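Asker: Attaching a single structure in structure tokens format; questions to follow.
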Amino acid sequence: MSDKATLEVYAAQAANYAAMTDHKDPQLTDFMAALGRGRILDLGCGPGRAAGRMARAGFDVVAMDAVPEMVVMAAQHSGVTAQLGTFEDINGHYDGIWANFSLLHAPRADMPRHLAAIKTALRSGGLFHIGMKLGTGAARDSIGRLYTYYPEDELTELLTQAGFVIDARAHGRDKGLDGTYANWLCLRAHG
């Protein structure tokens with residue numbers, strides 16, 4: 001993510017965002033159970049809630065975010081290696097990559113390249129989780145964050161084209177930081 005306005009919103013709202021994401025996530029529980037053990041990249045980790053949970057479960061966790069305030073928060077979780085970086089900085093080798101509602105800030109034209117980088121960073125048979133808001137087009141929300149929306153068929157096709165095999169999906173609807181409700185989709189895939 002390189003959209004300056006989006007990064008500034010997350011920097012200014014870091015504490016509020018951390019408070020609203022402090023809940024149990026069944027997709028994370030399923031992801032960890034399916035993976036079993038290994039090294040995980042939490043891509044766009046935000047305040048590091050998921051990274052901390054994965055580290056407490058015994059995983060070797062690298063948490064990466066483009067917002068310095070979020071990296072500071074993620075680093076406070078025991079067992080988490082937090083680093084500043086964007087989607088352009090995906091490197092290393094991982095058994096799992098958790099990208100929960102982070103890639104929705106990437107421009108549509110960049111998504112195939114980001115998915116290819118994720119596929120390359122995953123060890124053979126590794127797991128990838130992606131959470132995205134459903135819809136079409138791109139737009140800023142009421143607090144200034146830029147989103148790229150996907151219909152389910154387009155997102156699944158992008159993953160398939162990148163070489164992923166989808167093995168689980170979950171749908172839901174939640175209230176975001178801007179106070180509005182949105183439909184979402186989470187996909188888990190093997191690399």
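Quick note: the coordinates plus some simple rules give every number you see, no bench work behind them. Bear in mind the structure is a predicted one, so any value in this text is a computation, not a measurement. Note: ideal-geometry Cβ built from the backbone for every residue, glycine included; neighbour counts use all protein chains shown.
Asker: Conditions first: (1) more than 24 Å from Ala19 (Cβ to Cβ); (2) of a type in the set (Ser, Thr, Tyr); (3) touching an Asp or Glu at 6+ places or on another chain (Cβ under 9 Å). Tyr150 passes all but one, so which condition is the exception?
Answerer: (3)
Asker: Those residues that are without any contact (Cβ under 8 Å) to a residue 40 or more places away in the chain and either surrounded by 14 or more Cβ atoms within 10 Å (Cβ to Cβ) or touching a Phe, Trp or Tyr at 6+ places or on another chain (Cβ under 9 Å) (or both), I need them from region 121-149; list them, please. Don't jump to the end; show me each part of the working.
Answerer: Let us first name the residues in region 121-149 that are without any contact (Cβ under 8 Å) to a residue 40 or more places away in the chain, namely 136-139, 141-142.
Across region 121-149, the qualifying residues are Thr136, Gly137, Ala138, Ala139, Asp141.
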